[in-house]
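Worksheet: the structure to be examined is printed underneath.
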Amino acid sequence: MSSHWEEFFATHLPPSDFEDNRKLLKEFCERHNKMKNNIVLITSGGTTIPLEHNTVRFVDNFSAGTRGSASAEYFLEHSYAVIFMHRQKSLEPFTRHFNGQQFFDMLELSDRDVGPSSTIAVKPDSVDVLAPILARYKSAQEAKQILYINFTSVVDYMWLLRAGCECLAAFEKRAVLYLAAAVSDFYIPSDKMPVHKMQSGEGAPTISLQLVPKILAPLVSLWVPNAFVVSFKLETDENLLITKSRDSLNKYKHKLVIANVLQTRKNRVIFVTPTTSYEVVLTREQALSGLEIEEPIVADVVRKHDEFISTAEHQ
């Protein structure tokens with residue numbers, strides 16, 4: 001008898017560019033495994049729930065990918081190879097620092113009459129902002145240290161995450177799964193979805209949602225059983241936070257839950273392990289100085305991953 005997640009894959013087609021992405025994942029992982037690098041797969045942004053096969057309407061969530069995109073930069077600083085699996089058009093490492101208007105405000109043209117001889121320069125007061133970010137970006141690109149893979153729907157996400165895990169398995173304990181994406185809890189099965197755009201003239205539709213299979217179960221037990229797996233838990237009721245995080249750890253047997261409350265997620269998280277919990281807090285002074293909470297979060301995850309590897313080597 002097949003499990004819920006096996007049934008999900010059997011009844012939902014992969015994204016159209018799946019084989020291209022699987023090839024990119026395989027090549028990236030093989031290169032960094034030969035170099036004996038540590039690697040992290042970061043999921044980031046939200047997943048959509050399409051309401052039609054030819055999708056016009058869909059259900060979405062608020063995630064912009066802030067935590068995942070910032071964390072990717074800090075993992076790069078710790079010399080990890082990074083697979084950045086993100087929602088299409090969500091925030092990405094490095095470019096996240098500037099929206100279009102901010103970026104253009106940093107530049108100036110040599111001449112208002114644009115022509116072949118025109119040059120574009122960074123304004124002097126913007127060089128100190130742009131230069132270090134550009135330097136980190138160039139360094140990561142030249143070292144081929146980061147791979148970008150994007151998804152849109154929850155079905156895309158599930159297929160790509162499984163493909164990523166298959167490639168990460170060879171790294172064993174040197175692999176980290178950092179599951180920061182806001183994955184939909186519900187979806188509409190493929191066979192229950194209309195092919196074409198729903199017509200308002202037919203009245204309000206009745207939509208029946210089903211639970212998305214909990215991908216942590218096969219991920220931890222089958223796909224990457226030796227990896228250091230980190231999940232995230234977001235709640236609006238703090239009274240549920242520790243209990244639900246520890247329930248997840250007990251059920252899926254992964255290593256760490258990073259728990260946060262919606263209203264304070266930018267300056268406070270709780271690291272929850274099967275036996276302990278402690279806070280990572282960003283003070284007002286630290287925030288005003290430009291520190292992001294993802295920096296100490298990633299530093300703590302890296303420390304725990306180092307301890308995990310060291311313990312395994314001495315067993």
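One table, with the values for the structure above:
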read-out	value
Pairs with Cβ under 8 Å, 6+ apart, first in the range 298-309 and small (Gly, Ala, Ser), second buried (at least 17 other Cβ atoms within 10 Å of the Cβ)	Ala299/Tyr74
Single condition Ile188 does not satisfy, out of (1) in contact with a helix residue (DSSP H, G or I) (Cβ under 9 Å, 6 or more places away or on another chain); (2) open to solvent by less than 20 Å² (accessible area, probe 1.4 Å)	(1)
Test for Glu285: is it within 30 Å of His97 (Cβ to Cβ), open to solvent by less than 20 Å² (accessible area, probe 1.4 Å) and out of contact with any strand residue (DSSP E or B) (no Cβ under 8 Å at 6 or more places or on another chain)	no
Residue selected from the range 58-98 under the condition of a type in the set (Val, Ile, Thr), farther than 22 Å from Pro296 by Cβ and open to solvent by 10 Å² or more (accessible area, probe 1.4 Å), by the criterion modelled with the highest pLDDT	Thr95
Residue in the range 225-236 that is within 21 Å of the chain's Cα centre (by Cα), under 22 Å from Ser184 (Cβ atoms), in a helix (DSSP H, G or I) and among the hydroxyl-bearing types (Ser, Thr, Tyr) present	no
Filter result for the condition that a residue is in a helix (DSSP H, G or I), open to solvent by less than 30 Å² (accessible area, probe 1.4 Å) and on the phi < 0 side of the Ramachandran plot, over Leu134, Leu147, Leu177, Leu130	Leu130
Any chance Lys304 is under 25 Å from Tyr74 (Cβ atoms), within 17 Å of the chain's Cα centre (by Cα) and not in a loop (DSSP other than H, G, I, E, B)	no
Candidates Leu219, Leu249, Leu256, Leu241 - the one that is in contact with a Cys (Cβ under 8 Å, 6 or more places away or on another chain), open to solvent by less than 20 Å² (accessible area, probe 1.4 Å) and modelled with pLDDT of 90 or more	Leu219
Residues of the range 10-29 that turn out to be within 21 Å of the chain's Cα centre (by Cα), surrounded by 12 or more Cβ atoms within 10 Å (Cβ to Cβ) and under 17 Å from Phe151 (Cα atoms), as a count	8
Residue within the range 157-170 that is without any contact (Cβ under 8 Å) to a residue 24 or more places away in the chain and open to solvent by less than 80 Å² (accessible area, probe 1.4 Å) present	no
Per-region count, the range 99-108, residues assigned to a helix (DSSP H, G or I) and either open to solvent by less than 10 Å² (accessible area, probe 1.4 Å) or among the hydrophobic types (A, V, I, L, M, F, W, C) (or both)	2
In the range 80-125, the residues that are over 30 Å from Val155 (Cβ atoms) and in contact with a strand residue (DSSP E or B) (Cβ under 8 Å, 6 or more places away or on another chain)	Met106, Leu107, Glu108, Leu109, Ser110, Ser118, Thr119, Ile120, Ala121, Val122, Lys123
Helices (runs of 4 or more DSSP H) lying entirely in the range 1-98 (those with 1 or more residues that are more than 24 Å from Pro218 (Cα to Cα), in contact with a Phe, Trp or Tyr (Cβ under 6 Å, 6 or more places away or on another chain) and touching a residue at least 40 places away in the same chain (Cβ under 8 Å))	66-77
Test: Thr264 is of a type in the set (Val, Ile, Thr), under 24 Å from Ser69 (Cβ atoms) and open to solvent by 80 Å² or more (accessible area, probe 1.4 Å)	no
Hey, Val195 crowded, with 17+ Cβ neighbours inside 10 Å and either touching a residue at least 60 places away in the same chain (Cβ under 8 Å) or closer than 30 Å to Lys233 by Cβ (or both) or not	no
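The values are calculated or read from the model by the stated rules, or taken from the named source; none is laboratory data. Since the structure is predicted, the reported quantities are computational estimates derived from the model, not experimental observations. Neighbour counts are summed over all protein chains in view; Cβ atoms, including those assigned to glycine, are modelled from backbone coordinates with ideal geometry. Keep in mind that these areas ignore ligands, DNA and RNA; they rest on the heavy atoms of the full protein, side chains included. Shrake-Rupley method; radii C 1.70, N 1.55, O 1.52, S 1.80 Å.
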